[in-house]
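The values are calculated or read from the model by the stated rules, or taken from the named source; none is laboratory data. Just so you know, these numbers come straight off a predicted model, no measurement behind them. Cβ coordinates were reconstructed from backbone atoms using ideal geometry, including for glycine residues, and neighbour counts include every protein chain displayed. Heads up: the accessible areas ignore ligands, DNA and RNA and are worked out on the full protein's heavy atoms, side chains in. Shrake-Rupley method; radii C 1.70, N 1.55, O 1.52, S 1.80 Å.
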Amino acid sequence: MKRGQIFLLIFVVVVILLAAAAVSVLHDGLSARAKPTALETAIARTARKMAAPSGAHNQKNPVADSPDVQREARLHFADHCAICHGNDGSGDTMMGNGLYPKPPDLRDDQTQKLSDGDIFWIIENGVRLTGMPAFGGVGSEHDHDVEDTWKLVHFIRHLPALTPAEKLEMEKYNPKGPEDREEEQEENNFLNGGATKPSAKPEQHHH
């Protein structure tokens, strides 16, 4: 086969692959409700593996694991991360299900097989073109530092073994909306002998 024919063949293959990728990405328009195809899932996993530079991959966690570290990270995760990832790391939340691509299940092998350095780098730097923000270097107004990130790495390792009691404790630290806070205040007033009995929470209609 002549060189010109080889180049033409390569060009045709590349065009076909690009067309297939475009069709895959643009299925269901640009809606975030669409379920990623197998091709997109494979690309996303590859991108996540490539996200951290080689130097980050070999970093070791400098924070020793302990029950206190686990609890601190658990409550930090509940306050900062669970809105998208869920307390159990499944990603099955209103916010998570509305993202595209969807948050990965942090309990799965695809995450658990990442090195400590990889997980640390992703938390600190985020992942482009996804809903994963960068939490590192965000300034003093944010309650998060490098040591917090390393503690979160320990907690993410623990997610597959999260207990019901730990998950229940986390629910108390999830961010609350105005209605939740009002209901909580009414309950506290009632339990402390106040005259106001907690009112029934109005039916919620999520859009």
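Observations
- Test: Leu152 is at pLDDT 95 or above and open to solvent by less than 70 Å² (accessible area, probe 1.4 Å): yes
- Within segment 138-149, the only residue that satisfies the criterion of being modelled with pLDDT under 95 and among the polar types (S, T, N, Q) is Ser140.
- Extreme residue, modelled with the lowest pLDDT, among residues of segment 113-130 that are open to solvent by less than 40 Å² (accessible area, probe 1.4 Å) and closer than 21 Å to Ser90 by Cβ: Val127
- Some residue of segment 40-55 being modelled with pLDDT of 95 or more, assigned to a loop (DSSP other than H, G, I, E, B), loosely packed, with under 14 Cβ neighbours inside 10 Å and out of contact with any Leu (no Cβ under 6 Å at 6 or more places or on another chain): no
- Number of residues in segment 181-197 that are open to solvent by less than 60 Å² (accessible area, probe 1.4 Å) and modelled with pLDDT under 80: the value is 2.
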